[in-house]
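Since the structure comes first, as structure tokens, the remarks are kept for the end.
The values are calculated or read from the model by the stated rules, or taken from the named source; none is laboratory data. Note that the structure is predicted; figures quoted are calculated from it, not measured. We place every Cβ from the backbone using ideal geometry, glycine too, and count neighbours over all the protein chains shown.
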């Protein structure tokens with residue numbers, strides 16, 4: 001992995017949970033749909049590998065931010081539909097405010113040093 005990849009991964013890591021919670025405020029979604037919506041709605045800026053999505057989902061579920069329900073699709077296949085819990089909405093509200101403050105401040109600093 002190059003240093004460019006390190007920067008991209010570090011910037012994306014903290015955002016993935018916030019973006020997943022944001023999607024789940026609109027409707028329940030299963031993993032693959034979350035992955036495709038992240039890619040589509042961020043204009044390919046956030047592309048999560050299939051296996052990398054479930055870590056954040058499991059961690060958020062353990063913390064009570066989201067839950068899931070299983071639904072039978074086909075004869076023997078189940079799909080987990082994730083939905084946001086009240087604690088997740090509270091978490092998201094705080095995270096959005098912090099995101100705007102931190103990234104807005106960082107952007108302001110960088111624009112002062114590197115005007116476009």
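Just a few scattered comments:
- Filter result for residue 104 (on the phi < 0 side of the Ramachandran plot and in contact (Cβ under 8 Å) with a residue 40 or more places away in the chain): no
- Residue among 5, 43 that alone is over 13 Å from the mean Cα position of the chain (by Cα) and at pLDDT below 90: 5
- For region 15-30, a residue qualifies if it is modelled with pLDDT under 95 and surrounded by fewer than 18 Cβ atoms within 10 Å (Cβ to Cβ), and the qualifying residues are 15, 18.
- Residue in region 59-88 that is surrounded by the most Cβ atoms within 10 Å (Cβ to Cβ), counting only those that are part of a loop (DSSP other than H, G, I, E, B) and in contact with a helix residue (DSSP H, G or I) (Cβ under 6 Å, 6 or more places away or on another chain): 65
- Among the residues examined, residue 11 does not qualify as free of Cβ contacts under 8 Å to residues at least 24 places away in the same chain, touching a strand residue (DSSP E or B) at 6+ places or on another chain (Cβ under 7 Å) and assigned to a helix (DSSP H, G or I).
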